[in-house]
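In what follows, a structure is listed as structure tokens, so that the remarks can point back to it.
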Amino acid sequence: MWRFSIALALAAAALAQSPKYGVGRAATPEEIRGVGAIIAPDGTGLPEGSGTVAAGREVFAANCVRCHGEKGVGDIGPQLVGGQGTLATAKPVKTVGSYWPYATTLWDYINRAMPFDKPGTLKPAEVYAAAAYILNLNGIIEAGQVMDAKSLPKVKMPNRDGFVSDPRPDVGRPDAGKKTAR
Amino acid sequence: MKEQASRRRILRMGAVLSGGMLATKDAALAEGQLGTPLGPYGERSTYEKAVRWRRDTKTPETGSSFTPLADSVGTLTPSSLHYERHHAGIPNIDPAAHRLVIHGMVERPLSLSVAEIKRLPSVTRTLVLECGGNSGAEWAAQTAPDVQRSFGLVSCSEWTGVPLALLLAEAGARPGATWVIAEGADACRMERSIPMAKAMENILVAYGQNGEALRPAQGYPLRLIIPGWEGNTNVKWLHSLKVADQAYMARDETSKYTDLMPDGKARIFTYQMEAKSVITFPSGGQKLPGQGLYELTGLAWSGRGRIERVEITTDGGKIWVKADLQEPRLPIAFTRFRLPWRFDGREAVIASRAVDESGYVQPTREELIAVRGVNSNFHFNGSKKWRVRADGTVTNVEV
């Protein structure tokens, strides 16, 4: 099977050794920057810049409100605000405030995917500001707080501890099913 | 002259074989008329009408389209009918300008062109691809009337590409590297975190589907193919692989594709698609023309490997009978099942359940709900019941 030949190839390509095939070329710093920011929960990847809740209100009005509604109550786009305390009820409302475990995800997603019809056009300061405003609407940060590469990863989201790892198979003869895919 | 006459005879024979009177009305077969000229890229018969069904969305660039499973035969899905799920439209990428960048915790950050990737040792595998949200409406019984709209976010193709493990070895992952963050070149730069263990196991960086290049809607020119894992992780239009020491908690692995349980906790990184099957004939929206013999048929698959057994009930779940399975049964691929059945004009509730090589048995909807409630949205793999009414019409019991 091909898996075994790959395992052999990997064993041969010890870290310090030269690559086996030598195809491709060294990625340039420009190329790596060119794929865009990718943000980790510890803040890795966050750029310079900062944004206030007040500035975020302006960014939101100009770019977000037409889909997400006034104060993020939802319209064409999803509801961004509210729902805290509903996850264990019959009608859970999953929003940034009630469900999202990391504030860094908010920055990452606004930066890469929003606004929907012009993704990737907001400047880092505008993304910080929009994130600050949405967090403030959810009662997660105070109106005076400033979001930047240091403060954003420190924001403790209400549902941070709301996720558990995959226990499946949990149904369908759970004693079986542990075998891995090929 | 003689050749032409015999050709015409063959055409007439074809007309008789393919349905007699109707076919002879075809203009191409009329006396003294030729058929259409040869073409450079094939089209199906104008008489074939099966198409994907697209759920209405407020923004046409997002949404999903469903494979017409009831019209499928065999075990492969034509690329043109493969299900789709897009978040920001389909990019039109020039492969000559496209590069895959491998960076982060690697010894040698790499930039590869599509042509360079095609020079590397390739692998071809037939694999099922299923959206993590397929049949998600079944949880709350707000499902659709037919098999396409209720179960159609699943397809099976032959994929060709280069092992991701090979590319990561070329770049030289550093000690402590435990995740790979994959990103697409679509407008929203779709992003998912993949554990390094899976990246080294059997993931493909694919450029081929069903004997030709990927279709744009399937990630042209490069995409991830992750055997057995939910479709969303199979990042299309792949342009970046960042090797890292943590999961990046992307929107599509936190806000979406997580399974909310009745206690308010949500399961995260529920990547694997479990064993599932569905009867495609007879299925919702169809009508049996009368009593008599029919062949029940459908599709079974499992993200854990090969399908070992499929059982069918025609009495609502009291008696289960083993169906015939089409060989070869490939791991993590569609397996076609069949069972002759005599419809005697009495109402019947029919369903199938699959057992995979790990011994996992496809559960009923009720068994799933007993554990997970009705708000988990994703990864529904319950057995699907269709009701065959006395008049031969077939409905979704949940509708």
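Could you run through region B:366-385 and say how many residues are farther than 18 Å from B:Tyr271 by Cα and within 21 Å of the chain's Cα centre (by Cα)?
Result for region B:366-385: 3.
What do you reckon, is B:Leu38 open to solvent by 60 Å² or more (accessible area, probe 1.4 Å), within 16 Å of the chain's Cα centre (by Cα) and among the hydrophobic types (A, V, I, L, M, F, W, C)?
no
Residue-by-condition table, conditions (1) in a loop (DSSP other than H, G, I, E, B); (2) at pLDDT below 95; (3) open to solvent by 80 Å² or more (accessible area, probe 1.4 Å); (4) over 30 Å from A:His68 (Cα atoms):
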{"site": "B:Glu31", "(1), (2), (3), (4)": "yes, yes, yes, yes"}
{"site": "B:Lys58", "(1), (2), (3), (4)": "yes, yes, yes, no"}
{"site": "B:Ala70", "(1), (2), (3), (4)": "no, no, no, yes"}
{"site": "B:Thr77", "(1), (2), (3), (4)": "yes, no, no, yes"}
{"site": "B:Arg85", "(1), (2), (3), (4)": "no, no, no, no"}
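Examine region B:301-320 for a residue that is aromatic (Phe, Trp, Tyr) and within 14 Å of B:Lys276 (Cβ to Cβ), and state whether such a residue exists.
Yes: region B:301-320 contains one or more residues that are aromatic (Phe, Trp, Tyr) and within 14 Å of B:Lys276 (Cβ to Cβ).
Here is a check on your reading of the model: is B:Ile268 among the aliphatic types (A, V, I, L, M), without any contact (Cβ under 8 Å) to a residue 40 or more places away in the chain, within 14 Å of chain A (Cβ to nearest Cβ) and surrounded by fewer than 22 Cβ atoms within 10 Å (Cβ to Cβ)?
Working: among the aliphatic types (A, V, I, L, M): yes; without any contact (Cβ under 8 Å) to a residue 40 or more places away in the chain: yes; within 14 Å of chain A (Cβ to nearest Cβ): yes; surrounded by fewer than 22 Cβ atoms within 10 Å (Cβ to Cβ): yes.
Yes.
Among the helices (runs of 4 or more DSSP H) lying completely within region A:7-103, list those that include at least 1 residues that are within 8 Å of another protein chain (Cβ to nearest Cβ), farther than 30 Å from B:Asn202 by Cα and at pLDDT 95 or above.
Answer list for region A:7-103: none.
Does B:Glu366 satisfy the criteria of being surrounded by fewer than 16 Cβ atoms within 10 Å (Cβ to Cβ), outside the structural domain of B:Leu127 (by TED's automatic domain parsing) and not in a loop (DSSP other than H, G, I, E, B)?
Details: surrounded by fewer than 16 Cβ atoms within 10 Å (Cβ to Cβ): yes; outside the structural domain of B:Leu127 (by TED's automatic domain parsing): yes; not in a loop (DSSP other than H, G, I, E, B): yes.
Yes.
How many residues does region B:334-362 hold that are hydroxyl-bearing (Ser, Thr, Tyr) and closer than 16 Å to B:Leu299 by Cα?
Of the residues in region B:334-362, 2 are hydroxyl-bearing (Ser, Thr, Tyr) and closer than 16 Å to B:Leu299 by Cα.
Just the residues that are of a type in the set (Ser, Thr, Tyr) and surrounded by fewer than 19 Cβ atoms within 10 Å (Cβ to Cβ), please, taken from region A:131-159. Give the steps one after another, and end with the answer.
Quick first cut of region A:131-159, residues of a type in the set (Ser, Thr, Tyr) only: A:133, A:151.
Correct list: A:Ser151 only.
Return the residues of region B:237-260 that are assigned to a loop (DSSP other than H, G, I, E, B), at the interface with chain A (Cβ under 8 Å from one of its Cβ atoms) and open to solvent by 20 Å² or more (accessible area, probe 1.4 Å); say none if nothing qualifies.
B:Gln246, B:Met249 - these are the residues of region B:237-260 that are assigned to a loop (DSSP other than H, G, I, E, B), at the interface with chain A (Cβ under 8 Å from one of its Cβ atoms) and open to solvent by 20 Å² or more (accessible area, probe 1.4 Å).
Could you list, in sequence order, the residues of region B:140-192 that are within 11 Å of another protein chain (Cβ to nearest Cβ) and open to solvent by 30 Å² or more (accessible area, probe 1.4 Å)?
Scanning region B:140-192 gives B:Ala140, B:Arg174, B:Pro175, B:Trp179, B:Ala185, B:Ala187, B:Arg189.
May I ask you to say which residue of B:Gly382, B:Gly284, B:Gly305 is open to solvent by less than 30 Å² (accessible area, probe 1.4 Å), touching a helix residue (DSSP H, G or I) at 6+ places or on another chain (Cβ under 7 Å), part of a loop (DSSP other than H, G, I, E, B) and within 30 Å of B:Thr254 (Cα to Cα)?
Only one candidate qualifies: B:Gly382.
For B:Gly290, only one of the following conditions fails: (1) open to solvent by 10 Å² or more (accessible area, probe 1.4 Å); (2) farther than 14 Å from B:Val147 by Cα; (3) touching a Phe, Trp or Tyr at 6+ places or on another chain (Cβ under 7 Å). What is its number?
Going through the list (1) open to solvent by 10 Å² or more (accessible area, probe 1.4 Å); (2) farther than 14 Å from B:Val147 by Cα; (3) touching a Phe, Trp or Tyr at 6+ places or on another chain (Cβ under 7 Å), B:Gly290 breaks only (3).
Going residue by residue through region A:69-80, is there one that turns out to be touching a Gly at 6+ places or on another chain (Cβ under 6 Å), acidic (Asp, Glu) and open to solvent by 40 Å² or more (accessible area, probe 1.4 Å)? Break it down into steps so the answer makes sense when it comes.
Keep residues of region A:69-80 that are touching a Gly at 6+ places or on another chain (Cβ under 6 Å), which gives A:75, A:80.
Cutting the leftovers down to acidic (Asp, Glu) gives us A:75.
From what's left, open to solvent by 40 Å² or more (accessible area, probe 1.4 Å): A:75.
Among the residues of region A:69-80, at least one is touching a Gly at 6+ places or on another chain (Cβ under 6 Å), acidic (Asp, Glu) and open to solvent by 40 Å² or more (accessible area, probe 1.4 Å), which makes the answer yes.
Output the residue which, of all residues in region B:324-362 that are assigned to a loop (DSSP other than H, G, I, E, B) and over 26 Å from B:Ser157 (Cα atoms), is farthest from the other protein chains (Cβ to nearest Cβ).
First pass over region B:324-362, keeping only residues assigned to a loop (DSSP other than H, G, I, E, B): B:326-334, B:344-347, B:357-360, B:362.
Now narrow it down to the ones that are over 26 Å from B:Ser157 (Cα atoms): B:344-347.
Values: B:Asp344: 32, B:Gly345: 34, B:Arg346: 30, B:Glu347: 28 Å.
Residue satisfying both the conditions and the ranking: B:Gly345.
May I ask you to list the residues in region B:210-223 that are away from chain A (no Cβ under 14 Å) and in contact with a Gly (Cβ under 9 Å, 6 or more places away or on another chain)?
If the condition is that a residue be away from chain A (no Cβ under 14 Å) and in contact with a Gly (Cβ under 9 Å, 6 or more places away or on another chain), then B:Leu214, B:Gly219, B:Arg223 are the ones that fit.
Within region B:91-101, work out how many residues are open to solvent by less than 20 Å² (accessible area, probe 1.4 Å) and more than 7 Å from chain A (Cβ to nearest Cβ).
Residues that pass the stated criteria total 2.
Please go through region B:103-112 and pick out each residue that is part of a strand (DSSP E or B), within 7 Å of another protein chain (Cβ to nearest Cβ) and either within 29 Å of the chain's Cα centre (by Cα) or not aliphatic (A, V, I, L, M) (or both).
B:His103, B:Ser111, B:Leu112
For region B:113-136, how many residues meet the condition of being among the charged types (D, E, K, R) and part of a helix (DSSP H, G or I)? Walk me through it before giving the result.
Filtering region B:113-136 down to residues among the charged types (D, E, K, R) leaves B:116, B:118-119, B:125, B:130.
Imposing the further condition that a residue be part of a helix (DSSP H, G or I) reduces the set to B:116, B:118.
Result for region B:113-136: 2.
Yes or no: region A:161-171 includes at least one residue that is modelled with pLDDT of 95 or more, open to solvent by less than 20 Å² (accessible area, probe 1.4 Å) and of a type in the set (Phe, Trp, Tyr).
No - not one qualifying residue is present in region A:161-171.
Look through B:Ile307, B:Ile203 and report the one residue that is more than 10 Å from chain A (Cβ to nearest Cβ) and farther than 30 Å from A:Gly34 by Cβ.
It is B:Ile307.
Go through A:Asp108, A:Asp166 for me and flag whichever is touching a Ser or Thr at 6+ places or on another chain (Cβ under 6 Å) and at the interface with another protein chain (Cβ under 8 Å from one of its Cβ atoms).
A:Asp166
Mind checking which residues of region B:153-190 are touching a helix residue (DSSP H, G or I) at 6+ places or on another chain (Cβ under 9 Å), over 21 Å from B:Asp252 (Cα atoms) and assigned to a loop (DSSP other than H, G, I, E, B)?
B:Ala177
B:Met200 is checked against (1) of a type outside the set (Phe, Trp, Tyr); (2) open to solvent by less than 20 Å² (accessible area, probe 1.4 Å); (3) part of a helix (DSSP H, G or I) and fails just one. What number does that condition carry?
Unmet for B:Met200, out of (1) of a type outside the set (Phe, Trp, Tyr); (2) open to solvent by less than 20 Å² (accessible area, probe 1.4 Å); (3) part of a helix (DSSP H, G or I): (2).
The values are calculated or read from the model by the stated rules, or taken from the named source; none is laboratory data. Every value quoted in this text rests on a predicted model; they were computed, and no experiment measured them. Cβ: placed from backbone, ideal geometry, glycine included. Neighbour counts: every protein chain shown. With ligands, DNA and RNA removed, areas are computed over all heavy atoms of the protein, side chains included. Shrake-Rupley method; radii C 1.70, N 1.55, O 1.52, S 1.80 Å.
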